[in-house]
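See below for the structure under consideration.
The values are calculated or read from the model by the stated rules, or taken from the named source; none is laboratory data. Small disclaimer: the values here were computed from a predicted structure and weren't measured. A quick note on method: Cβ atoms are made from the backbone with ideal geometry, for glycine too, and the neighbour counts reach across all protein chains shown.
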Amino acid sequence: MSRCHELQEDREVLELSDKILLMGPPNVGKSVFFSELTNIHVVSSNYAGTTVSYMKGTVTIDGRQYNLLDVPGTYALAATSLAEEVALRFLASNPRAILFVLNAADLEGSIKLLLEVLEFNIPVVGALNLADVANRKGMEIDVPALSRELGIAIVPTVAVKRQGLAELVQELAQVLAGEAAASGERSRVRGSDVEYWQRAKEITSKVMRWTNGSPSRLDRLGDAMLKPWPGIPLAALVILLSIGVVVGAGKALRAVLLLPLVNQGIVPLFEALFSRLPLPEVVHNVLIGEFGIFRISFEWILALVMPYVLLFQLVFSFLEDSGILPRIAVLFDNIMRKLGVQGGSLINIMLGYGCAVPAIIGTRTATTRKERLIVTTIVCFAVPCISQTGALFSLLAAYSYWLVLGVLLTGLLVFVLVSILTSRLLKGTVDPLVIEIPNLLIPERRAYFKKFFIRAKHFLVDAEGPMLMAVMIAAILAETGLLTGISTVLKPLVSGWLGLPPEASMSLILGIIRREMSVAPLLALDLTSLQVFVGAVVSLIYLPCMSVFAIVAKEFGAKVAVAITAGTTFTALFLGGLLNHLIRFALSLV
């Protein structure tokens, strides 16, 4: 598949009139500008490569509407990556103006990219963002001098606090008013990278000076987290604390609030309601029986999945916006290298613990197809989404925390084996780690909670439908007797090979729709510890849900999606049965 086909370029967007491009290097806050100027709320993250595909919105300037396009963040315009190709397409699409966001804390790199953009002969207004971070680090920038050197208006901003946005819009209005009279044929005269860097260095030396400011505690902590000592222990502590918050608070929220609400409030209400209606017995059972829609939809979705999902988004958003994630990627680069990928891919793998779909889309930032495929395969085989993780913890912790540890170690083993095998089987190369390390900071409260509510909304919109479909199928199968027939057909596999009760076949059916739904039916069964362990391992590795299959097919083609699905299904069933028979054999010897 070619890169052009992979990007699936939207010609209508490229041909829009009255376009304003929002450009800049990665990790400079462009998504915040886009959200504030258009009132379209996009998720902004504090690590390189977040905005891979463009975003489109409208902004009103001087009573006139313009199309604002958030172009992927890049470090250069050499067309050596997907992001650079997209940026060049938009620059060639005759935009009216460019809003370029510079990083005040990394001025030289931002100026170098801006010099490349200026050669397209398009009117530009500059936003000097992260000015507060630069001041904290002892950097003093002469903004009028920078404006003179570059020949464009420069406005100091702190986007997350809305500082400087009004002045920025005023400058854009002036530029657009002048551009209307001066528009015409535009061309580009490209210089060399060496020339751009030399000129950027000269300008920076003229407009910036260091004051006597000493590094803050956050700056010193950020530097310490990049060194093996104490960086690795600190990173391990952060990961353990994050897991502890999600799992511990999720269990507490589930036990103290949600289960009592469902079992003592919501379900009895629907039971009383449907008992008064003259419904056939089978319809009544489908609605409110043991596996009834209005019973298990609340038990599984609201009380089992929701608390873990919301808490994960709170924690993961904090790790993103604070700048911790890129530091973890750098620290573990050597280990990830031995597994066949570079440390930056760890960010997408960790994102997969929230949901596999954005993690797979995020692999577009990788520089080679091989690395994209390796990371995608790892996520599909060995990275459970947070709702699946929450369901697994609920299932396993009810029996023994040793079972939790056993499943985690099994998942880690699959992770390592899949990484090594795919890196050796796939042709191609994996480039070295190149990643911008953002400043360590405390996330701005308004932007942080905006991100959280957006992600929570996306989960409700994207995941609730498939989960409700799974609940309806479960209710119909269980309450109409169809499950008995299916269980008979699958008995040699489910009971003979995996050692599970015949009713566990529902897990294999519902897991096709959503992965966490392969866990939920096991909660209602009276299982032994061995059966719980085997069922959890199968659910952990079982085939990707429908939305993941669709995104893999879109990104890599149907053959790859089918191959990964077949691989995960076979591995889950084979490994589950193998563990069942090996452990039974070992116990028989004791």
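For segment 267-287, check the following and say yes or no: at least one residue is closer than 18 Å to I243 by Cα, β-branched (V, I, T) and either touching an Asp or Glu at 6+ places or on another chain (Cβ under 8 Å) or without any contact (Cβ under 8 Å) to a residue 60 or more places away in the chain (or both). The answer is no, given that none of the residues of segment 267-287 is closer than 18 Å to I243 by Cα, β-branched (V, I, T) and either touching an Asp or Glu at 6+ places or on another chain (Cβ under 8 Å) or without any contact (Cβ under 8 Å) to a residue 60 or more places away in the chain (or both).
Conditions tested, residue by residue: (1) in a loop (DSSP other than H, G, I, E, B); (2) farther than 24 Å from F332 by Cβ; (3) among the β-branched types (V, I, T).
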| position | (1), (2), (3) |
| --- | --- |
| A391 | no, yes, no |
| L395 | no, yes, no |
| G411 | no, no, no |
| R424 | no, no, no |
| N439 | yes, no, no |
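With a requirement of 1 or more residues that are surrounded by fewer than 16 Cβ atoms within 10 Å (Cβ to Cβ), on the phi < 0 side of the Ramachandran plot and among the polar types (S, T, N, Q), the helices (runs of 4 or more DSSP H) lying completely within segment 482-556 that satisfy it span 482-491, 529-541. Looking at L311, L325, just one residue is under 22 Å from N439 (Cβ atoms), crowded, with 19+ Cβ neighbours inside 10 Å and either under 20 Å from the mean Cα position of the chain (by Cα) or charged (D, E, K, R) (or both), and that residue is L325. Specify the residue that is nearest to D333 (Cα to Cα); the eligible residues are those in segment 202-247 that are part of a loop (DSSP other than H, G, I, E, B) and polar (S, T, N, Q). If we take residues in segment 202-247 being part of a loop (DSSP other than H, G, I, E, B) and polar (S, T, N, Q), then S216 is nearest to D333 (Cα to Cα). Candidates in segment 410-428 are the residues that are of a type outside the set (V, I, T) and within 24 Å of the chain's Cα centre (by Cα); of these, the one that is farthest from L573 (Cα to Cα) is S423. Being under 30 Å from I111 (Cβ atoms), among the β-branched types (V, I, T) and surrounded by 11 or more Cβ atoms within 10 Å (Cβ to Cβ) holds for only one residue in I239, I203, I232, and it is I203.
The set of residues in segment 242-266 that are surrounded by 15 or more Cβ atoms within 10 Å (Cβ to Cβ) and closer than 15 Å to F393 by Cβ comprises S242, I243, V245, V246, V247, A249, G250, K251, L253, R254, L258, L259.
Applying a threshold of 8 Å to beta carbon distances and a minimum spacing of six or more residues, or different chains, the list of pairs starting in segment 292-303 at a residue that is outside the structural domain of P268 (by TED's automatic domain parsing) and ending at one that is modelled with pLDDT of 80 or more is empty.
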